[in-house]
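Notes for the one structure printed next.
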Amino acid sequence: MIPARDFSTRRRPRGRAGDVAALVVACALLSAAVYTALLAWADARHARASVDAARKEIADANARATALQAAAAAEGAVGARAVWSVEAPPPRIVQALAELLPRDVRLETLNLRYGAQLEVEMTLTARTAAEYDLFLQALESSPAFDRIILGNESRTDAVRASVRARYHGGEGS
Amino acid sequence: MRIRGFSRASLSPGALQPSALEPNVASLPEVRDAVARVAAELGLGRTAVTVVAPQGVARLLLLELPADVDAVEFARYRFADLPYPAAEAVVDVLPVRGGRAVAAAMRRIVVEDYEAVVAAAGLEQDRLDITSLAALAGLLKDAGGGELVLDVILGDVAYAMAAHRGGVLSVLRHRRRDRRDGEPERLHAEAERTAALAGAPMGRLRVVGTGARSLLRAWTAEGWAATAGWEAAEGAGVPRDAAELPWLGALLA
């Protein structure tokens, strides 16, 4: 039986019809669509803006980490969150990632979730799919990260993708 | 399972252009007429149809679901970086083993484009599904024997690769196809990278979708082992190579 997955804009109540007709809409087999749209590669101005934005995010994350530490200390209980923020402050994560980035892969955004574990969520832009894959290989083999989950991945000639991973500082888990 | 009827109509190049962002139907009269012709040949009458949109029209995401969280709501939350407003996304999920789900987001104007074709052709729509999820649902039914299974789902303009073991999906990738020379080699390298990301040597490599058979031939010629994701038995009612029809997965699930 076909499962009830439905992307209709107006979902209908499910019946239990014996017959199901599947209408598959696809390109004609001989009409290979050629996508020639090129992702314009960031110019120097864009690159500088990206770096500035990343720095601001790091500064914001630092401020949040400091606030969390202060709050934990004030409560007299240093929980896992505060421990992580001490052992793995944002600059250390950025440094760990920077060592894995091939030349043509750029870190666009970075979100750090401090909890019992430190979850790292990032979006990246790569000039080519091969460069992006090099980064993934490096991330996969890095002792500092594990539990890698690939997120959205879009590609024309360049790749823009999101990745989640757990940072554990290289001691294994 | 036996398919009672199968019909197919070709479209001229450019009549339908799968895209996740823009309306896909470039020539409504042509696509509408083709759909109506297929429906008439099958004698569908008032049978409600499930519309299966092609690959490349949706964002896909593999999710680890937190306990006691609605999968679709969580998917909406995780689709935070869509290149269009979140309110325009139609989201649904394919639950898979291991507390995970494959979520997909389609832009509303893209969904409406396909729905408009069905309505214009005088058909009643039941559901609207996505080829990648339909294929994956069927492929995951055959979980293999503990080895890593890597499935390649080919569409006209995009493809997906899914690595799973024991039915637990660990890596899902979704990319635009590059059908220029060397595609078989590129896809095989991509498959090996995907297996590496899954953290296990590749056990079985399976292919379904547009050009599956020619890809398998090319890989065989290189000495790379791979099989079709499924085959049609004699008399199954599928007149074409079943491996070329990824949406059959929805019927197998």
Top-ranked residue in segment B:179-215 [being among the aliphatic types (A, V, I, L, M) and not in a helix (DSSP H, G or I); ranked as farthest from the other protein chains (Cβ to nearest Cβ)]: B:LEU205
Within segment B:125-178, considering residues that are of a type in the set (A, V, I, L, M), in contact with a Leu (Cβ under 7 Å, 6 or more places away or on another chain) and within 11 Å of B:ALA198 (Cα to Cα), the one farthest from the other protein chains (Cβ to nearest Cβ): B:LEU150
Checking B:THR194 against (1) within 30 Å of B:GLY5 (Cα to Cα); (2) at pLDDT 90 or above, the condition it does not meet: (1)
Test: residue in segment B:63-74 that is within 21 Å of B:PRO246 (Cα to Cα) and at pLDDT below 95: no
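Examine segment B:41-57 for a residue that is assigned to a helix (DSSP H, G or I) and either touching a His at 6+ places or on another chain (Cβ under 7 Å) or not aliphatic (A, V, I, L, M) (or both), and state whether such a residue exists.
So in segment B:41-57, the residues assigned to a helix (DSSP H, G or I) come out as B:41-42.
Narrowing the set further to residues that are either touching a His at 6+ places or on another chain (Cβ under 7 Å) or not aliphatic (A, V, I, L, M) (or both) leaves B:41.
Yes, segment B:41-57 contains at least one residue that is assigned to a helix (DSSP H, G or I) and either touching a His at 6+ places or on another chain (Cβ under 7 Å) or not aliphatic (A, V, I, L, M) (or both).
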Close pairs from segment B:8-22: first more than 7 Å from chain A (Cβ to nearest Cβ), partner of a type in the set (Lys, Arg), Cβ under 8 Å, at least 6 apart: B:ARG8/B:ARG240; B:ALA9/B:ARG37; B:ALA20/B:ARG59; B:ALA20/B:ARG107; B:LEU21/B:ARG107
From B:PHE79, B:PHE6, residue being surrounded by fewer than 18 Cβ atoms within 10 Å (Cβ to Cβ) and of a type in the set (Phe, Trp, Tyr): B:PHE6
Filtered residue count, segment B:216-253, keeping only those that are assigned to a loop (DSSP other than H, G, I, E, B) and not small (Gly, Ala, Ser): 9
Strands (runs of 3 or more DSSP E) contained entirely in segment A:104-173, each with at least 1 residues that are crowded, with 16+ Cβ neighbours inside 10 Å and in contact (Cβ under 8 Å) with a residue 60 or more places away in the chain: A:105-114, A:118-126, A:159-167
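Quick grid of which residues meet (1) buried (at least 19 other Cβ atoms within 10 Å of the Cβ); (2) among the β-branched types (Val, Ile, Thr); (3) at positive phi:
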position	(1), (2), (3)
B:GLY155	yes, no, no
B:ALA162	yes, no, no
B:GLY167	no, no, yes
B:ARG175	yes, no, no
B:GLY199	no, no, yes
B:LEU205	yes, no, no
B:ALA225	no, no, no
B:ALA242	yes, no, no
B:PRO246	yes, no, no
Test set (1) away from every other protein chain (no Cβ under 14 Å); (2) more than 24 Å from B:PRO13 (Cβ to Cβ) - B:ALA218 fails condition number: (2)
Qualifying residues in segment B:60-107 (those that are in contact (Cβ under 8 Å) with a residue 60 or more places away in the chain and basic (Lys, Arg)) - the one farthest from the other protein chains (Cβ to nearest Cβ): B:ARG97
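Based on this model, can you work out whether B:VAL35 counts as more than 9 Å from chain A (Cβ to nearest Cβ), among the β-branched types (Val, Ile, Thr), under 21 Å from the mean Cα position of the chain (by Cα) and not in a loop (DSSP other than H, G, I, E, B)? Don't jump to the end; show me each part of the working.
Details: more than 9 Å from chain A (Cβ to nearest Cβ): no; among the β-branched types (Val, Ile, Thr): yes; under 21 Å from the mean Cα position of the chain (by Cα): yes; not in a loop (DSSP other than H, G, I, E, B): yes.
No; evaluated as a whole, the condition is false for this residue.
The values are calculated or read from the model by the stated rules, or taken from the named source; none is laboratory data. Everything numeric here is computed off the predicted structure, so don't read it as measured data. Quick reminder, even Gly has a Cβ in these numbers, built from the backbone with ideal geometry, and neighbours come from all protein chains shown.
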